[in-house]
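I have placed the structure first, in the form of structure tokens, so that the comments after it can refer back to it.
Values quoted throughout were computed directly from the atomic coordinates according to the rules given, and no laboratory measurement underlies them. In this text, all values refer to a predicted model and were calculated from it rather than measured experimentally. Every residue, glycine as well, gets a Cβ built from its backbone with ideal geometry; the counts of neighbours run over all protein chains shown.
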Amino acid sequence: MNGLVKTLIKPDWDDNPKRSEILHAANLLQIGEFQLIQLAYKVWYKQDLPEEKINKIFSHYMISGIIPIWVTYYARDIIKMENANALNSYEEKYHVYDHEFGEYLQNDQKRKKRGIFYAVIIAIVFIGSHYMAISYVQNEGSAGFYPPYVEKRVVYPELYKDKNKVIDGDLKSNN
């Protein structure tokens, strides 16, 4: 829990100091760790990271904590550039793998339309989810007003005994 709080307060914090360098460099460039690994591979080997190596490298990094040396050097170079005030994190070379980079809506009308579109989607999801929750509570009956919403038949099974009773392992009807 303590690590979670530290990460929420300082996103480029990690138990491993070398991994903290990677996180810090990725945050400086405003990209993800995986994109930083891809960029480091491209700079080190002068080619894109092959697909057959992607899972192996990233799983070693995320699960085992094994950081390739070329990623560490690349991250240190980014940090050095930032310390020298020579880093421009908005350069396209750092966002080669970021497909949404550079998308900016110049027109105020297009921005308003997109904002209204997203607001409508959020409203539909909000209203739809509340409608589903209300209809569920009406149909199934909630045992209480506050969460967790446990069905009445689970909390009070004696109220829902129907005409069917189990006698000697057989289901028999009481007519």
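Measuring against 23 Å, Cα to Cα, the residue pairs LYS18/LYS56; LYS10/LYS46; LYS56/LYS80; LYS18/LYS80; LYS42/LYS80; LYS46/LYS93 contain LYS10/LYS46; LYS56/LYS80 as the ones spanning a longer distance. Considering only ASN88, GLY65, GLN35, and ranking their Cα positions along the charge dipole of segment 2-95 that arises from unit charges at the beta-carbon of Lys, Arg, Asp and Glu, the one farthest toward the positive end is GLY65. So, R0 is 22 Å and r is the distance between the beta-carbons of LYS93 and ASN16; what FRET efficiency does that work out to, to 0.05? So, using R0 = 22 Å, E works out to roughly 0.20.
The calculated FRET efficiency for the pair PHE126 and VAL150, based on their C-beta separation and a Förster distance of 25 Å, comes to about 0.55.
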